[in-house]
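Note sheet for the following structure.
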Amino acid sequence: MIVVDSSVWVDYFTGNNTPQADHLDSLLGRELIVIGGVMLAEVLQGFRSDRDFFKARELLLSLHLVNMLDTTIALKSAENYRALKKKGHTVRKTMDSIIATYCIENCLPLLHADKDFQPFHQHLGLKNAMVSKKVGRRLFPTR
């Protein structure tokens, strides 16, 4: 199981050939992909055409959708934010802290293209799903 951040989905759907988007493409159909509800909203709200929106929605809803925020994750996320702040790293987005904390607490690797997750890897044990940089053909055409 791998959690995929919206930063990778945006690159994937726009056809940006990044190592993370290519890795996601190689995982689709082979690995259980997890997406949070907020990430689902973030990705889908960016589509301009109805056709692309509905096509992406169909793909994203076929994944393992989870609610990443409950009281336990909220409290632990606040603790993680404070721990990183004490080490000199300010987490810019609360949602990044929640996503990273969810992954840490559930021992799930995160596939992302966002440098804001680096302190979570470096100091809090967030697993990086970018273990292979296999480049393959895209399953979803660029828009």
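Quick look at the numbers
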read-out: Angle in degrees between helix 94-105 and the longest Cα principal axis of the chain, rounded to the nearest 10; value: 80 degrees
read-out: Farthest positive-ward along region 2-124 dipole, Cα basis, beta-carbon charges - from CYS107, ASN67, ALA78; value: ALA78
read-out: Per-residue Cβ neighbour rank within 10 angstrom, fewest leading, HIS64, HIS112, HIS121; value: HIS64, HIS121, HIS112
read-out: Dipole of region 2-124, positive direction: furthest Cα of VAL38, SER49, LEU24, with charges on the beta-carbon; value: VAL38
read-out: C-alpha long axis of helix 50-61 to longest principal axis of the chain, angle in °; value: 50 degrees
read-out: Degrees between helix 71-86 axis and first principal axis of the chain (Cα, 0 to 90, nearest 10); value: 70 degrees
read-out: Other-chain or far-sequence residues with amide H under 5 Å of GLY36's (modelled H); value: VAL66
read-out: Karplus-derived HN-Hα couplings along region 39-44 (A = 6.51, B = -1.76, C = 1.60, θ = phi - 60°), whole Hz, x at Gly and Pro; value: 5, 4, 5, 4, 5, 5
read-out: For ALA129, residues with placed amide H under 5 Å, excluding near neighbours; value: LEU110, LEU111, HIS112
read-out: Volume of the Cα convex hull of the chain, divided per residue and given in Å³; value: 101 Å³
read-out: Size of electric dipole in the chain: Cβ of Lys, Arg +1 and of Asp, Glu -1, about Cα centre, debye, nearest 20; value: 320 debye
read-out: When each of LYS87/LYS115; LYS55/LYS76; LYS55/LYS85 is checked by Cα-Cα distance, pairs over 28 Å; value: LYS55/LYS76; LYS55/LYS85
read-out: Added length on full extension, which subtracts the Cα-Cα distance from 0.36 nm per residue, ASN16 to HIS89; value: 23.4 nm
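Read-outs throughout are calculated quantities, based only on the coordinates presented, and are distinct from any laboratory measurement. Since the model is a prediction, treat every value here as computed from it, not as a measurement. As a convention, Cβ positions derive from the backbone with ideal geometry for all residues, glycine included, and neighbour counts pool all protein chains shown.
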